[in-house]
1. Work out from phi, with θ = phi - 60° and the Karplus expression 6.51 cos²θ - 1.76 cosθ + 1.60, the ³J(HN,Hα) of each residue of segment 275-284, listed in order in whole Hz, and give x for Gly and Pro.
2. So what are the three principal axis dimensions of segment 1-127 from its Cα atoms, in whole Å, longest to shortest?
3. For segment 118-164, taking Cα atoms only, what is the radius of gyration to one decimal and the Dmax to the nearest whole Å?
4. Please report, in Å, the Rg and the Dmax of the chain, where both are computed over Cα atoms only.
5. Any idea what Rg and Dmax come out to for segment 121-257 if you just take the C-alpha atoms, in Å?
6. Taking Rh as the Kirkwood radius computed over C-alpha pairs, what is the Stokes-Einstein D of segment 240-329 at 37 °C in a medium of viscosity 0.692 mPa s, expressed in µm² per second?
7. Can you give the angle from 0 to 90° between the axis of helix 255-267 and the longest principal axis of the chain, with both taken from C-alpha atoms, to the nearest 10?
8. Using bins 10 angstrom wide from zero, how does P(r) for segment 52-143 break down, in % of all Cα pairs?
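Derivation of every value follows stated rules applied to the coordinates shown; laboratory data play no part. Worth saying up front: this structure is predicted, and the values here are computed from it rather than measured.
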Amino acid sequence: MSLPLTLALAAERWPIAGSFAISRGSKTEAVVVVAELSDGQARGRGECVPYARYGESIESVMTQINAMRPQLEAGLDRSALQTAMPPGAARNALDCALWDLEAKRRGRPVHEVAGLPAPHALTTAYTISLAAPAVMAKAAEAAASRELLKVKLGAEGDVARIAAVRVAAPNAVLIVDANEGWNENNLAANFAACADAGVVLVEQPLPERNDQALAQTQRPIPVCADESVHDRSSLAALVGKYDAVNIKLDKAGGLTEALAVAAEAQRQNFTIMVGCMVATSLAMAPAILLAQQARFVDLDGPLLLSKDRADGLRYVDSLVYPPSPSLWG
């Protein structure tokens, strides 16, 4: 029988080093929500990032989580949470907190609780924000020693941007994220420019629900769904348009559903990518467990901040290492 849980909830602001820009705009801080669950002996934490693209805000997410207090106090467990809340950032915070709590209660690492192999260090992408070609080239040059760069595109002039980044970082593997910023008129030209630059993956070139052209266009580079994929129910609509899916815990609504999305995506022959929002290591930690089965890993959120949590993840060159129990899991 599940023990009643008490919930502590907080919104936190973490300054970004400089700014972070994508096709929809830029920001100078990461605002996250942290949920902490306790049974009086053990505690578990989960961090989420409300996603304005899906109508989420700090206020709406905290309201959603607060509404779960009576059920948590009545002993709500992780299994019941999946139907008690819809996918999204709010459920992600609670789901990850419940995983952490369960690991702490059992005195076992979370991968054992989940029945998964022990996690190991992974190569993560490092993001180059959307800017003028010369600015992006300078950022790429500073990061040129990294194995994998994720290049934000999605505005007029992307052909020049990706060419400039390739010259500045000649040896890095490049993936591109257009964040729904291309259209049917420039799709072919942008694909060609990316192919010329040796890009290995393009994320979400067209807007969600307006991406049918991908099924009718020759794709010279594998295309990955991001904004178009959430939980398992969204996968069927991607067949024929996308070759890969970017699974994020904030979209799926937690590690529980994200693991299920990955299993179903692989069954449908999608390549797996695991991504993140700009957030602290507490948000990245559960995703590292998921990312063990991914072809592409983009968990650089803490690297984009001015500072991270004191017990944050260890990043060495292009590698990110599994979390310590003091952080999560």
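1. Working through the residues one at a time gives x, 8, 9, 6, 7, 7, 4, 5, 6, 6 Hz.
2. That gives 47, 36, 24 Å along the principal axes, largest extent first.
3. Values for segment 118-164 (Cα only, Rg and Dmax): 12.5, 44 Å.
4. 19.4, 60
5. Gyration radius and largest Cα-Cα distance of segment 121-257: 14.8, 42 Å.
6. Estimated via Stokes-Einstein, D reaches 244 µm²/s.
7. 50
8. Bin by bin from 0 Å, the calculated values are 13, 28, 25, 22, 11, 1.
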